Amino acid sequence: MSLIAENIRVSYGPREALRGVDLTAAPGEVTAIVGPNGSGKSTLLGAITASLPFRGRVRLNGRDIAAMKPWDLAAKRAVLPQASRLAFPFKVIEVVRLGLQSGTAGDRPEVPMQALARVGLAHYANRTFQELSGGEAQRVMLARVLCQVWAPVEDGQPRWLLLDEPVSSLDIAHQLQVMAIARDFARAGGGVIAVMHDLNLTALFSDRVAVLAEGQCLAFGTPPEVLTDETLSRAYGCALRVSAPPPAGVPYILPHAATA
Amino acid sequence: MSALCDVEAPPCDPLARARALHWLLAGGLALAAMASLQVGAVDVSLSAMLAKLVQGEALSQMERVVLLDIRLPRLAMGVLVGAALAVSGAAMQGLFRNPLADPGIVGVGAGAGLGAILAIVLGAFLPVWVIDLTGNQLTPFAAFLGGWGSTILLYRVSTRHGRTSVATMLLAGIALGALAGALSGILVYIADDQQLRDLTFWGLGSLAGASWAKVLSAGPLIVLSVGAALMLGRGLNGLALGEATAAHIGIDVQRMKSIAILAVAGATGAAVAVSGGIGFIGIVVPHLLRLASGPDHRALLLNSALLGATLLILADVIARVVIAPAELPIGIVTAVLGAPVFLWILLKRRGLVEL
């Protein structure tokens, strides 16, 4: 009942963006994918969500996603894209309801408002989506995605949140809010895979981290195992130093060393 | 509806509102249909004729001809063509995620125009059996083939590895339109005066040639295509989020694109074939409805069909009466009324939010 990607290869023309990457994400955990720009993070998520052609195999809860229909996949996993442009002036609540019609909470009309409340935007329900700021739009999209997999576990099977840079346009308070939503989803038995840029949030909220560099997986493990001086300096190509102050015991990353 | 509702307001339900509009528009269509039967060069009273029919009296010969052979098929064709054009416009705008798209974009207009011109200018050179084969309806037949053929060509050009690129289709449509325009230009150059007149009238569109034969030849395809397009509401809503996200929420995007394109080609091809080039219905009707009741395609498509049919038969009534007993081409009426409305919409919406 995991999400297992095996030997994923993706080419953009002659350039190989992913050169045989393996990733196993377990339900109940937040799995973060980190790495420098162009390392293949979003491409890997694209393969896992079947949004682009790839070689290799992805199994979701034991089934090959290549053999699953779009609506079947939509009932098992929801995908938050990096940025969303909406074509017509839909109301916020209508956008969130789009998640309802594909998921399995379709007979529960109260779920969209609960999802909006979860991202702190219940009072925005009747606004037009195009009026929102970038960060608000991203949170509305998260509410839509939550609607689609409202119950983290259904029929004994975990459901999955696949998030592509979920906090990229958010202020720090909402970064923490959104990461807490992802963690709570995992604690309730669902699975979460998130492409992340912020290494501190990664250290705070993830259970497993995959570090990608140049289309390959450099390291995979718990944050203390993976977020080390050596691995991060190699991955990002600059000197990084990880510090863990005694009381919290959670790693945090200082960029100061790079400029020294 | 105010854009800024207070915190306590319950979530709005634009879909319910838009669905309530079905009934209002259906009522409007019924009224317009009665006007269409009543008004024309010959003065016949609809109520008098209905009274006669109810009392079992026979209609006079002239009443029968005017009502059953002239006005009723014309009304039926107006309803079919108006619904076809408006639904096609709404579906194309949803598919291209662009409020300015209309059926012309998928090449139906250019291809159908070229087909019609070919038939008008070169039809005389065809053997008689070919003309007989089309039941003396060579021009509509050629227009339909041209529209359908160009759509299939565009669709094939823009489909690679089973995925249709909407952007490629748009660009290829422009190229194909230019080519069809150039070929049409050559034919116009060699056409004689009578053919030029025919061409002009065909290009402006008219319901004047309506007959039961035309209704029966175009009707089934239009009904089938519009029916298929009406099923696309959920998919087009998802597509508003982009193709990748539409797939993520469980929509079979490629199948939906194929159905949308074929349905639009069928509906518009058949409509253009029997009525010529009638503009603005496909672009104005969905816009008006989005302003009135929001962009949810589950209601927008059916509302477009109803309002498109209503506006087209009203335009036809106007075309019949303004210079009676002669008639204006209906394309002139829809453009004269449609263009200012469209400009007004653009002015009103400018600077507010994205269309």
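The values are calculated or read from the model by the stated rules, or taken from the named source; none is laboratory data. Predicted, not measured: the structure shown is a model, and the values here were computed from it. With ideal geometry, Cβ positions are generated from the backbone for all residues, glycine too; neighbour counts draw on all protein chains shown.
Quick notes on this structure:
- Options B:183, B:179, B:232, B:221: the member that is at pLDDT 80 or above, farther than 30 Å from residue B:248 by Cα, crowded, with 19+ Cβ neighbours inside 10 Å and among the hydrophobic types (A, V, I, L, M, F, W, C): B:221
- Going through (1) in contact (Cβ under 8 Å) with a residue 40 or more places away in the chain; (2) small (Gly, Ala, Ser); (3) over 30 Å from residue A:93 (Cβ atoms) one by one, residue B:292 falls short only on (3).
- Qualifying residue in the range A:163-176 (condition: crowded, with 22+ Cβ neighbours inside 10 Å, of a type outside the set (A, V, I, L, M), more than 9 Å from chain B (Cβ to nearest Cβ) and in a loop (DSSP other than H, G, I, E, B)): yes
- The helices (runs of 4 or more DSSP H) found entirely in the range A:1-118 that carry 3 or more residues being surrounded by 23 or more Cβ atoms within 10 Å (Cβ to Cβ) and either at pLDDT 90 or above or not β-branched (Val, Ile, Thr) (or both) are A:41-48, A:92-102, A:111-118.
- Tallying residues that are in a helix (DSSP H, G or I) and over 25 Å from residue A:165 (Cβ atoms) within the range A:119-145 yields 1.
- Selection status of residue B:268, among the hydroxyl-bearing types (Ser, Thr, Tyr), more than 14 Å from residue B:91 (Cβ to Cβ) and surrounded by 22 or more Cβ atoms within 10 Å (Cβ to Cβ): no
- Scanning the range A:125-153 for residues that are at the interface with chain B (Cβ under 9 Å from one of its Cβ atoms) and within 15 Å of the chain's Cα centre (by Cα) yields A:141, A:144, A:145, A:148.
- Considering residues of the range A:185-238 that are in contact (Cβ under 8 Å) with a residue 12 or more places away in the chain and of a type in the set (Ser, Thr, Tyr) only, the residue surrounded by the fewest Cβ atoms within 10 Å (Cβ to Cβ): A:222
- Of the helices (runs of 4 or more DSSP H) lying entirely inside the range B:70-160, those containing at least 2 residues that are at pLDDT 85 or above and of a type in the set (S, T, N, Q) span B:72-96.
- Out of B:253, B:274, sole residue that is in contact with a helix residue (DSSP H, G or I) (Cβ under 9 Å, 6 or more places away or on another chain), of a type in the set (Val, Ile, Thr) and more than 30 Å from residue A:129 (Cα to Cα): B:274
- Scope the range A:224-239; condition of a type in the set (S, T, N, Q) and not in a helix (DSSP H, G or I); matching residues: A:228
- For the range B:231-255, filtering for residues that are more than 7 Å from every other protein chain (Cβ to nearest Cβ), free of Cβ contacts under 8 Å to residues at least 12 places away in the same chain and of a type in the set (Gly, Ala, Ser) leaves 1.
- For the range A:196-205, the criterion of being part of a strand (DSSP E or B), of a type outside the set (S, T, N, Q) and within 24 Å of residue A:255 (Cβ to Cβ) is satisfied by no residue at all.
- Matching option when the condition is at pLDDT below 90 and part of a helix (DSSP H, G or I), among B:264, B:317, B:353: B:264
- In the range B:42-67, the residues that are among the aliphatic types (A, V, I, L, M), more than 27 Å from residue B:307 (Cβ to Cβ) and within 30 Å of the chain's Cα centre (by Cα): B:42, B:44, B:65, B:66
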